[in-house]
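**Q** Below you'll find the structure I mean.
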Amino acid sequence: MFYRESGDFKTSYSGDQQIFPIAFDRWVVIAFCAFAFVVVPFLINDYWEKSVLVPVLVWSLAALGLNILTGYCGQVSLGTGGFMAVGAYASYKLTTSFPEMNMFIVILLSGGVTALVGIVFGLPSLRIKGFYLAVATLASQFFLVWLFNKVPWFYNYSASGQISAPERFVFGIAISGPNSPPWATYLFCLTFVVVFALIAKNLTRGRLGRSWMAIRDMDIAAEIIGVPPLKTKLSAFAVSSFYIGISGALFFMVYLGAAEPTEAFGIEKSFLVLFMIIIGGLGSIFGSFIGAAFMILMPVLFKNIMVGGLGWPTDLVAHLIFMLIGGLIMFFLIVEPHGLAQLWRVTKEKLRLWPFPH
Amino acid sequence: MNSQIAPGETLLEVKNISLSFGGVKALQDISFDILKGEVRAIIGPNGAGKSSMLNVINGFYHPQQGEVWFDGKLRTQMKPHEVAKLGIARTFQNIALFKGMSTLDNLMTGRMIKMKTNLFWQALWKGPAEKEEQEHRERVEHIIEFLKIQSIRKTPVGRLPYGMQKRVELGRALAAESKLLLLDEPMAGMNLEEKEDMCRFVLDVNDEFGTTIALIEHDMGVVMDISDRVVVLDYGEKLADGTPDEVRKNQAVIDAYLGVSHES
Ligand SMILES: Nc1ncnc2c1ncn2[C@@H]1O[C@H](COP(=O)(O)OP(=O)(O)OP(=O)(O)O)[C@@H](O)[C@H]1O
Ligand SMILES: [Mg+2]
């Protein structure tokens, strides 16, 4: 019996309402976080930062955001790339207009700006549902990218039409610009991810989360119970866009360093994040993380094996990876349509009873 | 629950309600009242307009004519979620549970209107948010015990059998602790044993919590047993209104149920 919940009795409702009601889970997660904060910064190098850790963190935030809207509240969105762009451009405008502003504040405010934009683009959701809403959000994706291309004010009239992240410091250490040490950018992103994952968990297990899920599962019944549909949907758009905005700001400031809207925040980014949450599991915080890790790390893994290990030509491998990832997505969706998080849950349920399945 | 209205006085009154969908006259000039503390049955053949009546009461349909008075106040053109706040809860003819959520979460959602901590505290899950969550959990556990659904507390309701889903839906409506409970065919499709359980619950809710109940039911035995007064609808019109005994003897009702043709 490696994994047990027997002997782990709940004597109070607060005990039962914990994020990880099973002590074993709790300790694994705490140990994992401790490792991520204390040990990894000493081991990290440029490669791990740029190819693995920072992208996984940044995309996890975006996946969390979209999962709140789509997985929890049932509103399909294809505007993720556009909302990330809003976060990125907000952080750029803020930090170039107020160079002294603390970077934590800049990123948070960028999330706030994106939340407001999200509310505006969420308004049609009262009238249109499902597939049609997806198309409406697609329009917002194209509109936002077009806007950031067309209006020079957003890129401070730079000749290239690009935005580039100036060097900024947190506690005297650069977290953006070419001289930022890998451990610093990693820790900066990790802090946001851990704090906001916790907040997402709290929101989704409480009143607000239940009202989102009620709208998702049966909007008429939800309304008759006292859930105001418009307010609830807009709150999901706001919170979701806040997360996606933060992710976009970090993606630009910390990871890319320079960005051009069509390249960095195009429609394929919207699909990427949608794949993440479908693969990981709709309506699951944990699933957002595995989904993001899967979509980011699989290509890295394949590339290492095929180019590094087998010595195949890079362009051939790039195409092969596309096909392999597509195949894997289909495979997982057939094996478990509810995503990797569900696969994990089922495995755990089996482990929990092992070796006595009945 | 703390209404000024004493038991036996009028809790809800509908006056001259007319509702039509295009050419279909679902309700025509319907008036009746529901007294505080009673079990009021609404009966009638299929398509009589019973469910439409409930939809009017909880603000889902807006009648072309007529007034709805609740708790002593005239209620005009309200949205369903506003009606919920006034203290009216309901169940549906076709189960309308939140299928992806557990029994517990369904019932907790039923208490939505009673919860009020702001986003900040909810995000932290501390202080008022945690306290509120626990208080409401206690109330919900009461209902879970009352309905004897402890063993399915954490089960996603989509996986439950039909009879259990009906029971959970009643639980969700009870969780709101409303003044008026509208039940649309709570026993439809149930076997005898399940029906008996459901009758027990309805009567207990009425006795123990003093909740006023309006229910639609096709099973005449059940209706005669548990209701204080019955209103009969047919083709959108009111046929009769009175105690079960009076209604049973009413010639128009007998005709309607025996299927005497309307032209004759
Ligand atoms: N949303 C709607 N749009 C159009 N017609 C409707 C609508 N709702 C109800 N009706 C019509 O109104 C009439 C009354 O329907 P209602 O559902 O109220 O009947 P009921 O008494 O509940 O019947 P049952 O016993 O079958 O549930 C029917 O003719 C129905 O077709
Ligand atoms: Mg009906």
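**Q** What is the mean number of Cβ atoms from other protein chains located within 10 Å of the Cβ atom of each residue in peptide A:198-211, rounded to a whole number? Before the final figure, lay out each step's value.
**A** Numbers: counts 3, 5, 1, 2, 8, 6, 1, 5, 12, 14, 7, 4, 10, 3.
Average per residue, whole number: 6.
**Q** Does the stretch A:5-147 classify as rounded, prolate or oblate by the C-alpha gyration tensor (a ≥ b ≥ c root eigenvalues; a/c under 1.5 gives rounded; else a/b over b/c gives prolate, otherwise oblate)?
**A** Numbers: a/c = 2.26, a/b = 1.30, b/c = 1.74.
Taking the square roots of the gyration eigenvalues as a ≥ b ≥ c, the stretch A:5-147 is oblate.
**Q** Further, regarding this structure: Give me the tail of P(r) for the protein assembly as shown as a percent: Cα-Cα pairs with distance above 35 Å.
**A** Numbers: 94987 of 193131 pairs.
That fraction is 49 percent.
**Q** In addition: Along its three principal axes, how long is the stretch B:10-258 when you only count alpha carbons? Whole Å, largest extent first please.
**A** 62, 41, 32
**Q** Something else now. Quick one: accessible area per residue over the stretch A:42-121, 1.4 Å probe, rounded to a whole number of Å²? Show your work: numbers first, answer last.
**A** Numbers: 2600 Å² over 80 residues.
About 33 Å² of surface per residue is accessible.
**Q** Which is the longest run of chain A containing none of the trypsin sites (Lys or Arg not before Pro) found in DSSP loop states (not H, G, I, E, B) with at most 16 other C-beta atoms within 10 Å? Intermediate values should be presented prior to the final figure.
**A** Working: sites that count: A:Arg4, A:Lys10, A:Arg127, A:Lys129.
Between exposed loop sites, the widest span is A:130-358.
**Q** Okay, moving on. Starting from the Kirkwood Rh over alpha-carbon pairs, what translational D in µm² s⁻¹ does the stretch B:61-142 have by Stokes-Einstein at 37 °C and 0.692 mPa s?
**A** Working: Rh = 15.4 Å.
Taking Rh from Cα pairs, D becomes 213 µm²/s.
**Q** Further question: Find the sum over both chains of the accessible area lost when B and A are paired, probe 1.4 Å, and report it in Å² to the nearest 100. Intermediate results must be reported in sequence, preceding the final value.
**A** Working: alone 13440 and 18200 Å², together 28620 Å².
For chain B against chain A, roughly 3000 Å² becomes buried.
**Q** Which whole number gives the average count of other chain Cβ atoms within 10 Å of the Cβ atoms across peptide B:73-83? Numbers along the way, then the final one.
**A** On the way: counts 0, 0, 0, 0, 0, 0, 5, 10, 11, 3, 3.
Average per residue, whole number: 3.
**Q** Shape call for the stretch B:108-168 from the C-alpha gyration tensor, a ≥ b ≥ c root eigenvalues: rounded (a/c under 1.5), prolate (a/b greater than b/c) or oblate?
**A** Working: a/c = 2.72, a/b = 2.21, b/c = 1.23.
It comes out prolate by the Cα gyration axes.
**Q** Of the heavy-atom accessible surface of the stretch A:20-353 (probe 1.4 angstrom), what whole percent is carbon and sulfur? Write down the numbers at each step before the final one.
**A** On the way: 10820 of 14620 Å².
Whole-percent figure for carbon plus sulfur exposure: 74.
**Q** Right, something else. Grab the DSSP H runs of chain B that are 4 residues or longer, score each as -39,500 (n - 2.57), total them, divide by all residues and round the 222 nm result to the nearest 500 deg cm²/dmol. Working shown, then result.
**A** Values: 10 runs with 101 residues, N = 264.
Value at 222 nm, helices only, nearest 500: -11500 deg cm²/dmol.
**Q** Which one, A:Ala36, A:Ser270, A:Ile68, projects farthest toward the positive side of the charge dipole computed for the stretch A:20-353 from Cβ point charges (K/R +1, D/E -1)?
**A** Final value for the positive-end residue is A:Ile68.
**Q** Tell me which of B:Thr109, A:Val170, A:Trp146 sits at the most positive position along the dipole axis of the protein assembly as shown, charges placed on C-beta atoms (Lys, Arg +1; Asp, Glu -1).
**A** The one lying farthest along the dipole's positive direction is A:Val170.
**Q** A further question on this structure: Hydropathy first: keep DSSP H helices in chain B averaging at least -0.5 on Kyte-Doolittle, then drop any whose Cα extent along the axis falls short of 18 Å, and list what survives.
**A** Values: long enough: B:127-146 (29 Å, -1.57); B:162-175 (20 Å, -0.34); B:192-208 (23 Å, -0.78).
Membrane-span-like by this rule: B:162-175.
**Q** With θ taken as phi - 60° and the coefficients 6.51, -1.76 and 1.60, list the Karplus ³J(HN,Hα) couplings across the stretch A:318-333 in order, rounded to whole Hz; mark glycine and proline as x.
**A** With the stated coefficients, the stretch A:318-333 comes to 4, 5, 4, 4, 3, 5, 4, 4, x, x, 4, 4, 5, 4, 5, 5 Hz.
**Q** Continuing with this model, one more query. Can you work out the accessible area per residue across the stretch B:10-258, with the rest of the protein chains kept in place, probe 1.4 Å, in square angstrom?
**A** Working: 10640 Å² over 249 residues.
Counting only protein heavy atoms, the per-residue value for the stretch B:10-258 is 43 Å².
**Q** Then there is this: List the lysines whose Cα sits under 17 Å from the Cα of A:Lys233, skipping any in the same chain fewer than 8 residues away.
**A** Partners within reach: A:Lys129, B:Lys79.
**Q** Hey, got the dipole for chain A? About the Cα centre, +1 on K and R Cβ, -1 on D and E Cβ, debye to the nearest 20? List each step's numbers first, then the result.
**A** Numbers: 22 positive and 17 negative charges, 149 e Å.
Around 720 debye, computed over chain A.
**Q** List every residue whose amide H lies under 5 Å from the amide H of B:Leu11, counting only residues 5 or more places away in sequence or on a different chain, with H placed 1.01 Å from N in the peptide plane.
**A** B:Ile34, B:Leu35, B:Lys36
**Q** Give the cross-link partners of B:Lys36 among the lysines, using a straight C-alpha distance below 19 Å as the criterion and excluding same-chain residues fewer than 8 apart.
**A** Here the lysines satisfying the reach criterion relative to B:Lys36 are B:Lys15, B:Lys73, B:Lys85, B:Lys179.
**Q** Oh, and also: Relative to the Cα centre, what is the charge dipole magnitude of the protein assembly as shown, using +1 at the beta carbon of each Lys and Arg, -1 at the beta carbon of each Asp and Glu, and rounding to the nearest 20 debye? Walk me through the numbers before you get to the answer.
**A** On the way: 54 positive and 55 negative charges, 315 e Å.
Computed about the Cα centre, the dipole is about 1520 debye.
**Q** Using just the helices of chain A, give the 222 nm mean residue ellipticity in deg cm²/dmol: DSSP H runs with n ≥ 4 each add -39,500 (n - 2.57), and the total is spread over all residues, rounded to 500.
**A** Details: 16 runs with 229 residues, N = 358.
Helix contribution divided over all residues of chain A: -20500 deg cm²/dmol.
**Q** Out of the total accessible area of chain B (probe 1.4 Å, heavy atoms of protein only), what percent is carbon and sulfur?
**A** Details: 6050 of 11970 Å².
Carbon with sulfur: 51 percent of the solvent-accessible area.
**Q** I would also like to ask the following. Shielding by partners for B:101-114, please: the mean number of other protein chain Cβ atoms within 10 Å of each residue's Cβ.
**A** Numbers: counts 8, 0, 0, 2, 5, 6, 0, 4, 12, 5, 4, 10, 3, 2.
Mean partner-chain Cβ count within 10 Å for B:101-114: 4.
The values are calculated or read from the model by the stated rules, or taken from the named source; none is laboratory data. Remember, predicted model here, so these are calculated numbers, not experimental data. Note that each Cβ is placed from the backbone with ideal geometry, even for glycine, and that neighbours are counted across all protein chains shown. Protein only, heavy atoms only, side chains kept; ligands, DNA and RNA dropped before computing areas. Shrake-Rupley method; radii C 1.70, N 1.55, O 1.52, S 1.80 Å.
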